[in-house]
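Here the structure is laid out as structure tokens; the discussion comes afterwards.
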Amino acid sequence: MQTTINTKVSSNNLSAALASLRNASSKWDQAENNMRQVDRYIGSADSEFRNADFPARRASFDNAATDSSWEGRQLDRHFRNGDRYLDNSQWDMRSAKREADGMGRDIDSGQSFLSSLETEYRQNNDPRLSQVQQAIAETNSSESQFGRVESDWRRVDSSISFTSSAVDRSNFDIQQIMWDRPGQDVSHYGFRVSSNLNSIQSDLRQIDSSLRRAASSGDQGEGHLDNAIRILEGLQSGS
């Protein structure tokens, strides 16, 4: 006896799964745009703090016969700009995480519809079952890669906060250098700022490394998601 396939129910689950994964893909595109901006802000912050190296070193050689107030003003400008870039990067970082959260919910929804579709196709001995299972495998791989992305993003967000705190810790020392006058020695403040700059730049390198690692995982996750969507589109056009 030939098994009758309920194409209406199957078509509904297929369309719903496809819509969910397309929504997930759209949210990832927005999250990726946010992260590109984060990367640009981190690069700009790094440039500001590297430019602060020279006035910090000069201030560390201050003595009672010299006036390092100009170096103090340079430091203040670079630190303020760098701190603003860090604040902006964290804003976009959190926007990306919100998009990623929505993407995760859409992937979960798509997986649920795909699971129902798999059950239907198996019960009906539908020859399209293997394609649905392939789409499920691609979606699962996508979810795994995006999980790595979000783990790296959490590290980035935490590191940006830590780096911002390190920037704040130099505010007092920079003010003392700005107020330098002949007869005063602010070399110890310059030394502390210079030392803190080394720490800040090291933190920024770690942030950049995490961003690159997340971007690589994101590219792989997006590839798997696109594969799943293509499979479902093929099923839809052939049904």
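Let's see how each residue does on (1) out of contact with any Ser or Thr (no Cβ under 9 Å at 6 or more places or on another chain); (2) without any contact (Cβ under 8 Å) to a residue 40 or more places away in the chain; (3) of a type in the set (A, V, I, L, M); (4) part of a helix (DSSP H, G or I):
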site: Val193; (1), (2), (3), (4): no, no, yes, yes
site: Asn196; (1), (2), (3), (4): no, yes, no, yes
site: Ser199; (1), (2), (3), (4): no, yes, no, yes
site: Arg213; (1), (2), (3), (4): yes, no, no, yes
site: Asp219; (1), (2), (3), (4): yes, yes, no, yes
site: Glu233; (1), (2), (3), (4): yes, no, no, yes
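Here His224 fits the description: within 23 Å of Arg105 (Cα to Cα), surrounded by fewer than 22 Cβ atoms within 10 Å (Cβ to Cβ) and modelled with pLDDT of 95 or more. Scanning the range 126-161 for residues that are outside any helix (DSSP H, G or I) and at pLDDT 95 or above yields a total of 0.
Checking each residue in the range 81-110 for being closer than 20 Å to Ser26 by Cα, crowded, with 19+ Cβ neighbours inside 10 Å and not charged (D, E, K, R) picks out Met93, Ala96, Ala100, Met103, Ile107, Gly110. Considering only residues in the range 114-161 that are of a type in the set (Val, Ile, Thr) and surrounded by 18 or more Cβ atoms within 10 Å (Cβ to Cβ), the one that is farthest from Arg36 (Cα to Cα) turns out to be Val132.
Can you find a residue that is of a type in the set (Phe, Trp, Tyr) and assigned to a helix (DSSP H, G or I) anywhere in the range 49-62? Yes: the range 49-62 contains one or more residues that are of a type in the set (Phe, Trp, Tyr) and assigned to a helix (DSSP H, G or I).
Any idea which residue in the range 162-201 is modelled with the lowest pLDDT, counting only those that are among the charged types (D, E, K, R) and buried (at least 19 other Cβ atoms within 10 Å of the Cβ)? Of everything passing the filter in the range 162-201, Asp180 is modelled with the lowest pLDDT.
The values are calculated or read from the model by the stated rules, or taken from the named source; none is laboratory data. On a predicted model such as this, the values are computed, not experimentally measured, just so you know. When we count neighbours, we look across all protein chains shown, and the Cβ atoms used for this are built from the backbone with ideal geometry, even at glycine.
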